Amino acid sequence: MASSRKADEASTSNYVRKMRETDKKFNKKYLAIKAKYKDRGASGEEQMRKELAILLAEKDEAGNKRFRKSMQDDDNIVKYGKDAMKGKSFAKYNKGGMTKKMGYNKGGMCGASNPAARPMKKGK
């Protein structure tokens, strides 16, 4: 169970890290919009409210997306246990599991895309 605990901690730390990143980004945009419409009068204030409403809707959608991703990670932990971290979409371990170790993540490993070692000579 130690590995599934590690997977749970990775999922939680990824959620918190993403939350801090988006909060920082949206706070910067929020302050920029407030500064842009600081001395613009009533019409400027109305436009500022519109832009802030759009920004807050984007922030809510980013939070919902982050929450859905966290729920997906939690479901994977319940379903796969310690093997959840090998999943391609899991938290910060999204580099793949066994595929990386075996060399299949480089692409072009199927027979059709590999050149032949001893190609056949074309007959006349």
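The values are calculated or read from the model by the stated rules, or taken from the named source; none is laboratory data. Note that the coordinates shown come from a computational prediction; the quantities given were computed from them, not determined experimentally. With ideal geometry, Cβ positions are generated from the backbone for all residues, glycine too; neighbour counts draw on all protein chains shown.
Residue-wise test of (1) within 16 Å of the chain's Cα centre (by Cα); (2) modelled with pLDDT under 90.
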position: LYS6; (1), (2): no, yes
position: GLY44; (1), (2): no, yes
position: LEU56; (1), (2): no, no
position: ALA91; (1), (2): yes, yes
Checklist outcome for this item: If we keep only residues of segment 30-71 that are touching a helix residue (DSSP H, G or I) at 6+ places or on another chain (Cβ under 6 Å) and of a type in the set (Lys, Arg), then the residue nearest to ASN14 (Cα to Cα) is ARG66
Checklist outcome for this item: Note: among MET102, MET71, just one is at pLDDT below 85, of a type in the set (A, V, I, L, M) and either surrounded by 15 or more Cβ atoms within 10 Å (Cβ to Cβ) or within 28 Å of the chain's Cα centre (by Cα) (or both), namely MET102
Checklist entry - For segment 53-77, what are the residues that are touching a Phe, Trp or Tyr at 6+ places or on another chain (Cβ under 7 Å) and either over 18 Å from ARG17 (Cα atoms) or not small (Gly, Ala, Ser) (or both)? => result LEU55, LYS59, ARG66, ASP73, ASN76
Next on the checklist: When you check ASP39 against the structure, is it within 17 Å of the chain's Cα centre (by Cα), modelled with pLDDT under 90, of a type outside the set (Val, Ile, Thr) and loosely packed, with under 12 Cβ neighbours inside 10 Å, yes or no?
Outcome noted: no
Next on the checklist: Of everything in segment 16-45, what is without any contact (Cβ under 8 Å) to a residue 24 or more places away in the chain and aromatic (Phe, Trp, Tyr)? Give them in sequence order.
Outcome noted: TYR37
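On the given criteria, is GLY108 modelled with pLDDT under 80, assigned to a loop (DSSP other than H, G, I, E, B) and under 20 Å from the mean Cα position of the chain (by Cα)?
Details: modelled with pLDDT under 80: yes; assigned to a loop (DSSP other than H, G, I, E, B): yes; under 20 Å from the mean Cα position of the chain (by Cα): no.
It is false that GLY108 is modelled with pLDDT under 80, assigned to a loop (DSSP other than H, G, I, E, B) and under 20 Å from the mean Cα position of the chain (by Cα).
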